[in-house]
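Accompanying notes for the structure given below.
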There are 2 protein chains.
Amino acid sequence: MNILGLIVEYNPFHNGHFYHMQESKKAAKADVTIAVMSGTFLQRGEPALLPKWERARMALEAGADLVVELPYVYSSQKASTFANGAVSILDMLGAAHLCFGSEDGKIEPFYNAIKQISQNEQSYSTSIKQYMNQGMSYPKALSLSFETINALKGELADLTKPNNILGFQYVSSILEQGSLMKAHTIQRTSAGYHDEALPSGDIASATSLRKAIFSGNETLKEIKPYVPESTYRILSGWSKEGNPFLSWERYFPYLQYNVLSMSGKELSEIYEVEEGLENRLKSSIKESSSFQELMERLKTKRYTWTRLQRMCVHVLTRTTKRQMEEAVNGERCPFIRVLGMNPSGQRYLGSIKKNLKIPLITNVHSFEHPALSLDLKAANIYAMGFPKQKRITRLKAEYATPPVRVGYEE
Amino acid sequence: MNILGLIVEYNPFHNGHFYHMQESKKAAKADVTIAVMSGTFLQRGEPALLPKWERARMALEAGADLVVELPYVYSSQKASTFANGAVSILDMLGAAHLCFGSEDGKIEPFYNAIKQISQNEQSYSTSIKQYMNQGMSYPKALSLSFETINALKGELADLTKPNNILGFQYVSSILEQGSLMKAHTIQRTSAGYHDEALPSGDIASATSLRKAIFSGNETLKEIKPYVPESTYRILSGWSKEGNPFLSWERYFPYLQYNVLSMSGKELSEIYEVEEGLENRLKSSIKESSSFQELMERLKTKRYTWTRLQRMCVHVLTRTTKRQMEEAVNGERCPFIRVLGMNPSGQRYLGSIKKNLKIPLITNVHSFEHPALSLDLKAANIYAMGFPKQKRITRLKAEYATPPVRVGYEE
């Protein structure tokens, strides 16, 4: 059986994702498609637009067979950690193929880039340090250093492009973990990762879709052309039940309260709060009346916007450096939590269950682990972004929601 | 000069307070009246209806000459700690008279009660322990134990009445601190401390006034007969500027967020979280969609409502047992913060300034102390109860507001 793995956030699932899933299935000749998906807080350091269960359903209705959660300790993280967690999960689930979207669209340049870097490791890391000493952000330093060692221009993946960077990390993780997974890549269609405006055609970036949702008083009409019918139905249903789409602004009061009630020392113990950022946070928070305003005050050349957003997520969830260290014990994910499946995914899961090296969780009460505790805490805090009358229901959902089932006979 | 001290919360200042102030001035033949007033969070474990500056103005316009703040470390506390802090401040400010309101109305029974208890100390404390072992609250155990040693019934203050209890603690603190202050008491008029309904006549309890304010969509018409014109003007002005009256419900989301993001162990380090209350808090918070609901879930025979509310205040401000211990170093208050004055209060303050044993604060930037840090933190968190667009202003108010001045020529 050909098992295909995808690493996703689906925030929300759109036509670009659908295209990628179709092409990936073809490339891998997939019998079963597994998506590992961020839960509550995402790689860019933002709360998910809507809960993991709804996003898992979008994936299943669009053709995924099994959706599992990428835990908090990997999801709101820099690309390399994010990749490590996701690749380890797919590997343990027996995926033979990983297919990611990239600007490049060919897989060899990624392997070439890794090789080139490893052959020039010393000068590469020296160069990164030099750029950072000049006050540059880590990703900027990486990308500039990469350009300096890029002797075989054209045959290496261009690591200045956001999806190429992620893909590079996926391939690196596969190699580092000694996985036998085969990497594929599909060229992304026109919509850029960061594009904010809705394009013509039927493919738009998730960024532009979220922007349209929030700018249009959370109406969905504008985004209809860019998402599968199933996504549209799920988003509309969510909205009709009186649920909000979640964004940072809903969490800003808690973040503000939190920073105001913590000492500088306590703040400096939070994961990703480095180099005196606690002081910057403490002084900026008193001047800001929105998350956007806070971010504009925090931003410097030294840190990317997403790096700072991720830091804010960890402040919001009050995740300390020590907790993160305890929870990420070794590179591989310590458990797999099932978010949803169809009959084919369930059959596959049944067939590998016995040989799985780590616990498979369908009920969070049955298992304890520091990383799972962080997931539950993140979910509790995610629930606080809902209107008051919805909070108790959402607080319970994390514990009570069974895996989503799609494609079963009634 | 006869200096009169009053211990107050003025939440809000009403006709009963005015009557008490007038009678106290007569009893003490006062030349100068000093009120020591709780700042942001009060003895009953509630946020103040409106900020200390507005409440200080009410006091000054009604006849106080000087208003100073009772710091957080004393204000949201059981009666004995509250009394210790307040009495020590008045004593250091040179007050020769303390006059409190009581159900009893005569001062000798208070001294008698103290004498009687100290003569029966052993059996009194044994009795308290026994009642508490039966699961009773501390105040209930105190009051029942007092009844058992009350051999001279009629000549002792009735320590089952709330204002008598406070008065008893004031007199005890005076004696314990070796202060030369003379205690007086004025009988409270008909309105009971805990009365919730507005009475006929012009004197109502602060509890019933707050209830009327909140039940009537924060309109003030209903309470007009029960407050001095100056109070009414200040409350109306506050409201007209688009400010809310603060209550626990405005802070409930932060409390909920806070409990959800803290571990049981962290919670148990919070001041007043004792005997497994952290578990009760953690389980109740997930089921409650309002502060009222939470309190109903938390309440047991073992703890009074106000004791639990105070605990919630400390959870909200995240004040640990250790922080409280560091901040209350010795019985006497470590500084005096001036909230407001009239020319006579200012002259008096000028005359004693040189001989004051502790710093006099009119600008919080000029002084550092763990207890002052807690005041500032409490004020920051108090600010979070305001609507979003008012928060930054309120966050700055604590640092920028000079003492209120009343009765000066323009």
- lysines whose Cα lies under 18 Å from that of residue B:221, excluding same-chain neighbours fewer than 8 positions away: B:211, B:240
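Which value, in debye to the nearest 20, describes the size of the charge dipole of the stretch B:248-326 about its Cα centre when Lys and Arg Cβ atoms bear +1, Asp and Glu Cβ atoms bear -1, and nothing else is charged?
Value, rounded to 20: 160 debye.
Please report, in debye to the nearest 20, how large the charge dipole of the protein assembly as shown is about its Cα centre when each Lys and Arg carries +1 at its beta carbon and each Asp and Glu carries -1 there. Numbers along the way, then the final one.
On the way: 98 positive and 84 negative charges, 13 e Å.
The calculation lands at about 60 debye.
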- Query: To the nearest 100 Å², how much accessible surface do chains B and A cover up together, summed over both, with a 1.4 Å probe?
  - Reply: 2600 Å²
- Query: With labels modelled as points extended 7 Å from the Cα through the Cβ direction, what inter-label distance (nm, one decimal) is found for residue B:265 paired with residue A:233?
  - Reply: 4.8 nm
- Query: What gaps in nm, shortest first, separate residue A:347 from its twins in the other copies when you place the label 7 Å past Cα toward the beta carbon?
  - Reply: 9.8
- Would you mind checking which residues have amide H under 5 Å from residue B:184's amide H? H placed 1.01 Å from N; only 5 or more apart, or other chain. B:98, B:99, B:100
- Summed over the other residues with a beta carbon less than 9 angstrom from that of residue A:92, with K and R at +1 and D and E at -1, the charge totals +1
- How big is the accessible area of residue A:202 in square angstrom, nearest 10, if you roll a 1.4 angstrom probe over the protein chains? 80 Å²
- Query: For residue A:320, which sequence-distant residues (separation of 5 or more, or a different chain) have an amide H within less than 5 Å of its own amide H, given hydrogens modelled in the peptide plane?
  - Reply: A:271
- Query: Among B:288, B:330, B:315, which residue has its Cα positioned farthest towards the positive end of the charge dipole of the stretch B:277-410, with +1 placed on the Cβ of Lys and Arg, -1 on the Cβ of Asp and Glu, and the dipole taken about the Cα centre?
  - Reply: B:288
- Message: Along each principal axis of its Cα atoms, how long is the stretch B:248-326 end to end? Whole angstroms, biggest number first, please.
- Response: 34, 27, 20
- By the C-alpha gyration tensor axes a ≥ b ≥ c (rounded if a/c is under 1.5, else prolate when a/b exceeds b/c, else oblate), the shape of the stretch A:46-94 is oblate
- Please name the residues of the stretch B:288-308 whose accessible area, counted over protein heavy atoms with a 1.4 angstrom probe, falls by no less than 50 Å² between the chain alone and the full protein assembly. B:289
- Query: Hey, if you put +1 on the Cβ of every Lys and Arg and -1 on every Asp and Glu Cβ in the stretch A:369-410, which of A:370, A:407, A:392 ends up farthest toward the positive end of that dipole?
  - Reply: A:392
- Note on the structure: Looking only at aspartates and glutamates whose Cα falls under 16 Å of residue B:140's and that sit 8 or more positions away or on another chain, we get B:158
- Query: Taking chain B as a Gaussian network, Cα atoms linked when under 10 Å apart, which of B:145, B:179, B:123 shows the biggest mean-square fluctuation?
  - Reply: B:123
- Message: At 7 angstrom along the Cα-to-beta-carbon line, where would the label on residue B:180 sit relative to the other copies? Give the distances in nm, shortest first.
- Response: 9.4
- Task: Could you sort the residues of the stretch B:385-407 by number and keep only those whose accessible area is reduced by 50 Å² or more in the all-protein-chain setting relative to the chain alone, 1.4 Å probe?
- Result: B:388, B:392, B:395
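Given the rule -39500 (n - 2.57) for each run of at least 4 DSSP H residues, summed and divided by the residues of the protein assembly as shown, what is its mean residue ellipticity at 222 nm, to the nearest 500 deg cm²/dmol?
Working: 38 runs with 412 residues, N = 820.
The helix contribution divided over the protein assembly as shown gives -15000 deg cm²/dmol.
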- So, with a 1.4 angstrom probe, what is the percent of accessible area on chain A that is carbon and sulfur? 50 percent
- Task: Return the long-range amide H neighbours of residue B:203 (sequence gap of 5 or more, or a different chain), with a cut-off of under 5 Å between placed amide H atoms.
- Result: none
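Given contacts defined as C-alpha pairs under 8 Å and at least six residues apart, what's the relative contact order of chain B, whole-number percent? Let's see the in-between values first.
Working: 672 pairs, mean separation 94.7, N = 410.
The normalised contact order for chain B reaches 23 percent.
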- Message: Over the Cα atoms of chain B, what radius of gyration and what Dmax do you get, in Å?
- Response: 20.7, 62
- Mean accessible area per residue over the stretch A:248-326 (1.4 angstrom probe, all protein chains present, square angstrom) is 38 Å²
- Task: Apply 1/(1 + (r/R0)^6) to the Cβ-Cβ distance of residue B:287 and residue B:115, taking R0 = 60 Å, and write down the FRET efficiency to the nearest 0.05.
- Result: 0.80
- So which residues of the stretch B:237-285 lose at least 40 Å² of accessible area, probe 1.4 Å, when you go from the chain by itself to every protein chain present? B:253, B:254, B:256, B:257, B:260, B:261
- When the C-alpha atoms of the stretch B:142-300 are aligned to their principal axes, what extent does each axis show, in angstrom, from largest down? 51, 44, 29
- For the stretch A:33-129, with +1 on Lys and Arg beta carbons and -1 on Asp and Glu, the positive-most of A:123, A:74, A:51 along the dipole: A:123
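The values are calculated or read from the model by the stated rules, or taken from the named source; none is laboratory data. Because the structure is predicted, anything quoted here is derived from the model rather than measured. Cβ atoms come from the backbone with ideal geometry, glycine included; neighbour counts cover every protein chain shown. For accessibility, only protein heavy atoms count, side chains too; no ligands or nucleic acids. Shrake-Rupley method; radii C 1.70, N 1.55, O 1.52, S 1.80 Å.
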